[in-house]
Amino acid sequence: MSIFKLKKPMSRAGKAESIKLPRHIAIIMDGNGRWAKKRGLPRTAGHSVGAEVFRKIATYCKNIGIEYLTVFAFSTENWKRPDEEVSGIMALLEKYLHEAIEKMEKESIRLAVMGNIEELSPKIRQLVNKTSQIAEKLNGFQVNLCLNYGGRDEIIKAAQKYAQDYRDGRANELTEETFAKYTFFAGIPDPDLIIRPSGEYRISNFLIWQSAYAELYFTDTLWPDFNERELDKAISSYSKRDRRYGGA
Ligand code: FPP
């Protein structure tokens, strides 16, 4: 039986474990550049393999019963990279958005793009709009693609929108719940598990508001080498954690 048919991750012995699954997993897909460098390849080759791994992991998440997968594909700071690398990543994203438009309905994957879309190319904006139109009609597993996204930027933008609504008499007292409604992730449960591969131990401006009580998982594996078994390990580690949310 295919591992993808299972609703639970596999144990080492190949048996489904009784496991507490996270509803929402978020991943910083890091290490593409180093993976390529080790092989004497251009950095874009690392991103290209990284995009394949993302597809594989998204399918796996859907098949084991994860409800939301959020990935950091391009940050508000990634524009500082060489033009060639930025256009390489944009080309991969464009390709993925095209594919998503073709397959979302059939595969029942809701794709949402989170970030400052208006600063992206007209072509990508058009594809993003098309994917949101399709996603509106779908239910079930959701992939959130963070694109031109920054956690601090998201908080500033949410604060500005709230302030405007307050001035216009459309908003009252500011609470955590109200504020969350002004973020890109309005209505989506906070991530339960945030995974960062590649041996870096930081959040890098990812989901700053939403990560308040997320469980963190780090691995030295570079993103292009990440696979279903690695995800199983992360979920298994998450499953054993005692989440107290500040309680005793
Ligand atoms: C971080 O690795 C990775 C990125 C900034 C880009 C991630 C983009 C992709 C995986 C492709 C996106 C496409 C789709 C379809 C989701 P890094 O380049 O910073 O690696 P390094 O730390 O080893 O240099």
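None of the figures in this text is laboratory data; all of them are computed from the coordinates on show. Keep in mind it's a predicted model, so treat the numbers as computed, not measured. Quick reminder, even Gly has a Cβ in these numbers, built from the backbone with ideal geometry, and neighbours come from all protein chains shown.
Counting only residues that are farther than 14 Å from Ala58 by Cα and in contact (Cβ under 8 Å) with a residue 12 or more places away in the chain, the stretch 136-145 holds 3 of them. Scanning the stretch 59-85 for residues that are surrounded by 21 or more Cβ atoms within 10 Å (Cβ to Cβ) and more than 9 Å from the ligand (Cβ to nearest atom), we see that the one that is farthest from the chain's Cα centre (by Cα) is Ile64.
A residue that is among the aliphatic types (A, V, I, L, M) and assigned to a strand (DSSP E or B) occurs somewhere in the stretch 146-153. Looking only at residues in the stretch 210-248 that are β-branched (Val, Ile, Thr) and outside any helix (DSSP H, G or I), the one that is farthest from Arg152 (Cα to Cα) is Thr221. When the criteria are applied in full, Thr131 fails the requirement of being touching a Gly at 6+ places or on another chain (Cβ under 6 Å), β-branched (Val, Ile, Thr) and surrounded by 16 or more Cβ atoms within 10 Å (Cβ to Cβ). Among the residues of the stretch 175-221, those identified as among the small types (Gly, Ala, Ser), surrounded by fewer than 18 Cβ atoms within 10 Å (Cβ to Cβ) and touching a strand residue (DSSP E or B) at 6+ places or on another chain (Cβ under 9 Å) are Gly199, Ser204, Ser211. Exactly one residue out of Gly140, Gly151 is under 19 Å from Phe206 (Cα atoms) and out of contact with any helix residue (DSSP H, G or I) (no Cβ under 7 Å at 6 or more places or on another chain): that is Gly151. Taking the criterion of being buried (at least 22 other Cβ atoms within 10 Å of the Cβ) and either out of contact with any Ser or Thr (no Cβ under 6 Å at 6 or more places or on another chain) or not hydrophobic (A, V, I, L, M, F, W, C) (or both), the residues of the stretch 222-235 that qualify are Trp223, Pro224, Phe226, Leu231, Ala234, Ile235. Considering each residue of the stretch 15-58, count those that are touching a residue at least 60 places away in the same chain (Cβ under 8 Å), more than 15 Å from the ligand (Cβ to nearest atom) and surrounded by fewer than 19 Cβ atoms within 10 Å (Cβ to Cβ), and give that number. The number of residues fulfilling the criteria is 5.
Pairs are defined by a Cβ separation below 6 Å, a sequence spacing of at least 6 or placement on different chains, a first member in the stretch 86-110 that is more than 10 Å from the ligand (Cβ to nearest atom), and a second member that is aromatic (Phe, Trp, Tyr); the pairs so defined are Ile109/Phe141. For the stretch 135-152, the set of residues classified as hydrophobic (A, V, I, L, M, F, W, C) and either crowded, with 17+ Cβ neighbours inside 10 Å or closer than 19 Å to Tyr182 by Cβ (or both) consists of Ala135, Phe141, Val143, Leu145, Cys146, Leu147, listed by residue number. The residues in the stretch 154-209 that are away from the ligand (no atom under 16 Å from the Cβ) and either in a helix (DSSP H, G or I) or in contact with a Cys (Cβ under 9 Å, 6 or more places away or on another chain) (or both) can be counted, and the count is 20.
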